[in-house]
1. Only Cα pairs under 8 Å and at least 6 apart count here; give the relative contact order of the chain as a rounded whole percent.
2. Amide H of Thr44 versus every other amide H placed in the peptide plane: which residues, excluding those fewer than 5 positions away on the same chain, fall under 5 Å?
3. Determine the sum of side-chain charges near Val429: Lys and Arg each +1, Asp and Glu each -1, restricted to other residues whose C-beta is under 15 angstrom from that of Val429.
4. Please pull out the direction-averaged projected area of the stretch 184-320, using the convex hull of its alpha-carbon atoms, in nm² to one decimal place.
5. I need the calculated FRET efficiency for the pair Arg444 and Asp127, taking r as the beta carbon distance and R₀ as 60 Å, to the nearest 0.05.
6. Could you list log10 I(q)/I(0) for the stretch 423-462 at q = 0.17 Å⁻¹, which the Debye formula gives when each Cα is one point scatterer?
7. Express the relative contact order of the stretch 362-464 as a whole percentage, based on alpha carbon pairs under 8 Å and six or more residues apart in sequence.
8. Considering amide H positions built from the backbone, and no H for Pro or chain starts, which residues 5 or more places from Leu188, or on another chain, come under 5 Å of its amide H?
Amino acid sequence: MGDTDQPNALQEKLTELGTELGVVGVSAGVLVDGDEHFAFHGVTSVDNPLPVDAETLFQFGSTGKTYTATAMLRLVEQRKVDLDAPVRTYVPELKLRDEEVAQKVTVLQLFNHTAGWDGDMMDDTGDGDDALAKYVERMERLQQVTPLGATVSYNNASLSLAGRVIEKVTGLTYEQAVRDLLLDPLGLDHTFFFTNEIMTRRFAVGHTKHDDGRITIARPWALPRSGNPAGGMSANARDQLAWAKFHLGDGTAPDGTRLLSAELLEQMKQPTFDMRGSALGDYVGISWLLRDLQGVRVVGHGGTTNGQYSEFTMVPERRFAIISMTNCGPNGSQLNTLLEKWAFEHYLGIADVEPEQLALGDEALQHYVGRYETIAASVEISVAGGALEAKIVMKPEMAAVLREQNEEVPEEQPPVPLAIVAGDGDPYVVPDGPAKGMRGYFSRGADGRVDGVHLGGRLATKVTDLVEA
């Protein structure tokens with residue numbers, strides 16, 4: 001365990017990792033022993049470089065889901081929403097492909113990713129105040145992949161629907177409701193939704209690092225407004241750490257105003273569904289993703305937007321938090337992972353032990369071979385050199401949506417290695433490469449045959465046993 005009183009330790013580590021991995025810019029902070037430490041590295045943009053500093057705003061992506069959930073909990077405490085009530089109680093016009101699911105899906109199931117429909121509808125429904133209403137209208141076309149409440153599969157569409165619930169209950173736009181319920185009471189005056197708020201301040205631009213070493217700006221900068229409840233916010237490091245302090249506290253704002261009861265705040269961090277083996281962690285709470293590390297409960301939720309990658313992690317029993325926001329991928333994501341691992345060892349003396357990889361023969365590995373699909377991508381899993389590898393290819397329909405939004409279609413990526421590891425079920429780990437350490441598992445049907453793979457927290461359903469040539 002390192003010297004936790006060393007004030008420059010975070011900055012030194014961040015500079016080391018940022019330089020080694022070639023990350024354009026990064027903003028990080030830790031809360032330890034009641035003290036806040038911040039560190040910054042690099043620049044906001046390769047085209048118009050400004051040093052990343054304490055005021056620099058980064059997109060923090062899906063950490064925003066925890067703001068949507070917390071705003072909903074404030075409405076629960078005001079007895080305006082019941083987590084166990086059907087969503088149609090508040091959005092009666094909801095139509096889904098499966099009418100029974102539309103009738104029964106609860107507010108809680110939107111936050112623990114168990115609704116079961118395709119979760120990555122990226123439609124841009126405009127910048128107007130009706131963006132979420134229009135988005136929800138389009139959800140009728142989403143395929144129901146798994147039965148309601150059967151398994152966790154990461155679901156952005158569910159959070160946009162939750163944002164619409166907030167609008168219907170409050171009579172405000174989602175963004176105004178979150179500002180009234182959370183941002184203003186907590187003094188988060190460097191947390192923003194809209195480009196017009198952000199472009200007058202220093203902000204980070206997303207980048208992509210290519211295989212040949214080139215780094216280019218990722219465009220467009222902003223996500224569609226319909227995605228705001230799933231992760232359309234930007235903030236500086238201090239506001240991110242302030243969000244962690246609130247969730248490590250007793251439900252009161254810095255000025256003593258009570259926003260949530262301590263019981264409801266704690267309830268958010270308790271398991272609502274088991275997802276052990278998933279890349280997302282061991283359990284999901286009310287939006288928070290939970291995992292157990294060396295007997296200690298870790299609570300967090302990172303995020304990814306177009307060229308920006310963030311990590312947000314708390315250890316409640318130690319009142320510890322680390323946040324990290326980067327503006328380049330995939331090396332920014334690697335930096336977040338390595339910085340968090342270092343921080344756990346340096347500040348808390350907690351080491352993440354690598355799972356034991358199993359040496360399986362080709363015959364055993366053949367059970368996993370096949371083509372798997374989500375709404376956005378197809379995944380071809382094959383055996384190469386005595387090991388599994390996954391080739392992930394974006395579907396033409398999803399690429400068309402990105403082009404329509406003037407967004408760069410990602411380059412074809414090399415296969416991702418998957419190593420089967422010891423444990424119940426069919427868990428795996430990515431042994432090397434940009435996603436090193438990411439975990440997941442294969443699912444099996446009632447007949448015992450492999451019927452899906454959980455990759456990046458999403459369930460891809462098996463469509464063929466053999467990979468087509």
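A short reminder: the numbers here are calculations on the coordinates, not readings from a lab. Small disclaimer: the values here were computed from a predicted structure and weren't measured. Because the Cβ atoms are built from the backbone with ideal geometry, glycine has one as well, and the counts that use them run over all protein chains shown.
1. Values: 1015 pairs, mean separation 83.0, N = 469.
Here the relative contact order equals 18 percent.
2. For Thr44, the qualifying residues are Leu50, Val52.
3. Numbers: positive: Arg276, Arg291, Lys341, Lys436, Arg439; negative: Asp282, Asp352, Glu354, Glu356, Glu389, Asp424, Asp426, Asp432.
The answer is -3.
4. On the way: hull surface 42.9 nm².
Orientation-averaged projected area of the Cα hull: 10.7 nm².
5. Numbers: r = 45 Å, r/R0 = 0.74.
Computed FRET efficiency for Arg444 and Asp127 comes out at 0.85.
6. -0.46
7. On the way: 190 pairs, mean separation 24.2, N = 103.
RCO, the stretch 362-464: 23 percent.
8. Long-range HN contacts for Leu188: none found.
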